[in-house]
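Written out below as structure tokens is the structure these notes cover.
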Amino acid sequence: MTRKFISIICAAATLTAIADEKILFDFEDYSVGDKVAMRDYYSEDGSTASKAEITNDPTGKPGKVLHVKNASWNTLAELNLTGVTAEDIADGYGLIAFDLYRPNTETDHYRQFRCGIGDEYLHNVDNEFVFQGETGKWVSRTYPINPVNTTSDKFYIGFNSIDMEYYLDNIRIISTESDYDMTNPEETLRHHADKCGIGFGCAVPAWNDDVVDDNNIAAQTIYSNFNIIVGENQMKPAYLQPEKGKFSWWDADRLVGLAERHGMEIRGHTLVWHSQTLPWVTSDGYKNDKGNGGKGYTRDELLKIMKDHITTVMTRYKGKIREWDVVNECLDDDQSIVYSQPSKYNMRKSVWYNVIGEDFLDSAFVYAHRADPEAILYINDYGADFKGDAKTEAYYNLVKRLLKSNIPVHGVGFQCHLGLGVDAAKFENNVKRYADLGVEVSLTELDITTWEAGNYEQHIRQGEDYKALMDVALKHDHIRNFVVWGVTDDKSWRSPDPLLFNSEYKPKYAFFALRNTLEAWANEHAAGIEETISDKNQATSPFVNVYDITGRLVKHGLERGQINSLEPGLYIIDRKKILIR
Ligand code: 9MR
């Protein structure tokens with residue numbers, strides 16, 4: 001049995017519960033056929049041709065919804081607030097959201113949304129007509145709301161139109177000022193990620209003392225919320241070996257210390273790359289212009305340089321760093337070759353490729369495997385996230401080639417530097433096929449930019465995108481880590497607003513979207529975790545992957561005959577619980 005994602009199915013379609021939101025109307029207390037008044041919002045005139053009533057969900061899902069046929073301008077559905085007052089709504093709730101369904105007969109996609117309490121506008125869109133999303137399916141809509149100053153319990157909602165048919169459900173208000181208590185594990189992301197057995201990580205920004213100071217909110221945010229970290233820059237070749245043979249471990253060691261003190265795993269990033277690479281080898285990552293008095297290094301010299309770097313770094317952190325991005329971004333940006341030759345790929349013309357040839361890749365993995373046979377070895381790249389994109393297909397071709405050559409590649413990293421509107425299905429279609437290759441997969445550098453800084457509506461869409469990717473990660477056993485590239489928006493290499501925390505370390509909507517997703521999954525799967533680990537190759541392979549009871553990988557590729565040499569404890573091997581005494 002594989003891990004299954006359970007969505008929190010509410011009355012209709014798209015709603016998933018978020019910690020900082022409150023439902024005003026889900027229509028479940030009404031009866032099908034109940035009429036709802038439509039009022040002209042300006043004249044309070046009830047006599048209108050517009051009609052509203054409670055119906056079943058038009059898509060056939062269980063649950064009741066509000067069905068409106070608008071026939072005159074300014075007419076909105078009138079509902080009575082119960083349990084929530086206008087005052088409550090004014091208190092810290094900056095947004096209204098609802099699920100909207102418009103039948104396919106609707107052809108005008110730009111409509112004006114309006115809502116109010118008593119005679120005050122909660123949301124006044126002035127004269128703007130806004131794209132309301134696709135027809136024929138439930139979509140989630142969100143609008144900012146103004147504080148109102150009224151004691152009325154009359155709530156008005158609808159679209160300003162003389163000819164519009166629509167259905168509404170799960171009308172809710174969302175707080176834009178939520179916080180969490182990081183000293184309460186239940187409120188942190190890490191607690192729930194641990195229960196799911198997923199590596200949930202972040203890149204730790206470099207050169208800041210605060211990120212390794214346990215008393216600083218930066219470090220506290222990291223170790224409270226993440227169970228795996230990666231140095232954003234601290235372990236790149238240029239930082240570790242700025243001069244030939246002279247290594248500089250200061251920041252890398254501090255990162256390892258942070259992880260050790262707080263029981264976090266570490267991803268090592270990265271051993272061979274064209275960027276931020278050994279500055280005494282190349283001036284720009286491409287030219288072979290720094291060795292031998294500017295004449296460049298020979299192939300053998302460069303292989304030795306690569307081997308020495310990999311071996312020195314991995315040996316120092318043996319047993320401390322669980323997995324390494326051995327080779328980063330080795331593919332060219334132009335992969336149009338796959339359109340005419342579908343099994344091909346183009347290598348980036350980096351100094352490593354230019355001087356050594358494509359087999360620099362093979363050698364790098366072999367050196368890494370020799371340096372630390374326990375380490376999980378990753379290839380990592382960007383722009384290869386969505387099935388069908390040329391680079392995505394090229395990456396798949398390259399990984400297949402490496403595995404066919406018996407190169408010890410254990411994991412495939414998808415950087416996932418993305419923008420709003422993530423197509424999670426295309427991501428899933430891409431990564432799921434790697435299970436059949438017998439490699440694990442990780443989202444290694446995830447960030448999702450919005451379009452405009454500080455736009456909370458966009459933060460919600462961003463949260464939905466993060467959640468959709470987490471759904472995919474939890475659903476597939478071979479997806480190991482979900483790592484975001486940084487902590488706070490202001491320190492990210494991208495903008496606007498790509499991460500889970502704002503500059504004050506306050507959690508953004510995406511934080512709650514992820515926390516709820518992890519929590520729901522963990523609750524559903526807490527029992528019977530032994531059934532959740534599957535590895536198609538294990539039963540017949542002479543090697544096994546060993547997991548602890550939470551589903552965390554303890555040993556990759558242990559010889560079957562060596563199982564009894566494991567430390568005493570309870571493990572999951574071949575999807576069964578095994579007690580080693
Ligand atoms: O986030 C990193 C930034 O601080 C550095 O200046 C930059 C230099 O290239 O590298 C960034 O991290 C990159 C990562 O190592 C590899 N994938 C792309 C990331 C963003 O550029």
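The values are calculated or read from the model by the stated rules, or taken from the named source; none is laboratory data. If you're wondering where the values come from, they're calculated on a predicted model, not measured in any experiment. Ideal geometry is used to build each Cβ from the backbone, glycine not excepted, and the neighbour counts take in all protein chains shown. Heads up: the accessible areas ignore ligands, DNA and RNA and are worked out on the full protein's heavy atoms, side chains in. Shrake-Rupley method; radii C 1.70, N 1.55, O 1.52, S 1.80 Å.
Between residues in the range 481-499 that are near the ligand (Cβ under 9 Å from one of its atoms) and residues that are open to solvent by 30 Å² or more (accessible area, probe 1.4 Å) and assigned to a loop (DSSP other than H, G, I, E, B), which pairs lie under 6 Å by C-beta distance while being six or more apart or on different chains?
Cβ pairs passing all conditions: none.
I'm trying to understand the selection: among the residues of the range 255-274, which are within 12 Å of the ligand (Cβ to nearest atom), assigned to a loop (DSSP other than H, G, I, E, B) and within 25 Å of the chain's Cα centre (by Cα)?
Result: W273, single match.
Suppose we keep only residues that are away from the ligand (no atom under 12 Å from the Cβ) and of a type in the set (F, W, Y) within the range 200-233. Which one would you say is nearest to L469 (Cα to Cα)? Show your work before the answer.
Start the filter on the range 200-233 by keeping residues that are away from the ligand (no atom under 12 Å from the Cβ), which leaves 200-201, 209-229.
Retained after the next criterion (residues that are of a type in the set (F, W, Y)): 200, 223, 226.
Details: F200: 12, Y223: 22, F226: 17 Å.
It comes out as F200.
Name the residue that is farthest from L500 (Cα to Cα), counting only residues in the range 209-232 that are touching a residue at least 40 places away in the same chain (Cβ under 8 Å) and open to solvent by 40 Å² or more (accessible area, probe 1.4 Å).
Of the range 209-232, the ones touching a residue at least 40 places away in the same chain (Cβ under 8 Å) are 211-212, 214, 217-218, 221-225, 228, 230, 232.
Imposing the further condition that a residue be open to solvent by 40 Å² or more (accessible area, probe 1.4 Å) reduces the set to 214, 217, 223.
Details: D214: 20, I217: 15, Y223: 14 Å.
Residue satisfying both the conditions and the ranking: D214.
From (1) within 16 Å of the ligand (Cβ to nearest atom); (2) farther than 25 Å from T444 by Cα, pick out the condition that doesn't hold for G291.
With (1) within 16 Å of the ligand (Cβ to nearest atom); (2) farther than 25 Å from T444 by Cα applied to G291, the lone miss is (1).
Please enumerate the residues belonging to the range 391-406 that are more than 18 Å from D362 (Cα to Cα) and open to solvent by 20 Å² or more (accessible area, probe 1.4 Å). Outline the logic, then answer.
Taking the range 391-406 and keeping what is more than 18 Å from D362 (Cα to Cα), we get 391-393.
Passing the criteria: only E393.
Give all pairs with beta carbons closer than 9 Å in which a residue from the range 56-80 that is at positive phi meets a residue that is assigned to a loop (DSSP other than H, G, I, E, B) and of a type in the set (S, T, N, Q); count only pairs at least 6 apart in sequence or on separate chains.
Sorted first by the residue in the range 56-80, then by its partner, the pairs are N74/S43.
So which pairs qualify, if the first residue must be in the range 285-311 and on the phi > 0 side of the Ramachandran plot, the second must be open to solvent by less than 50 Å² (accessible area, probe 1.4 Å) and among the hydroxyl-bearing types (S, T, Y), the Cβ gap must be under 9 Å, and the two must be at least 6 apart or on different chains?
What qualifies is G285/S275; G285/T277; G285/S350; G296/T282.
Which condition number does D381 fail, the rest of (1) under 30 Å from K320 (Cβ atoms); (2) acidic (D, E); (3) without any contact (Cβ under 8 Å) to a residue 24 or more places away in the chain being met?
It is condition (3) that D381 fails.
So which of Y339, Y317 ends up being away from the ligand (no atom under 16 Å from the Cβ), hydroxyl-bearing (S, T, Y) and open to solvent by less than 80 Å² (accessible area, probe 1.4 Å)? Spell out how you get there, then give the answer.
Details: Y339 fails: open to solvent by less than 80 Å² (accessible area, probe 1.4 Å).
None of the others qualify; the one that does is Y317.
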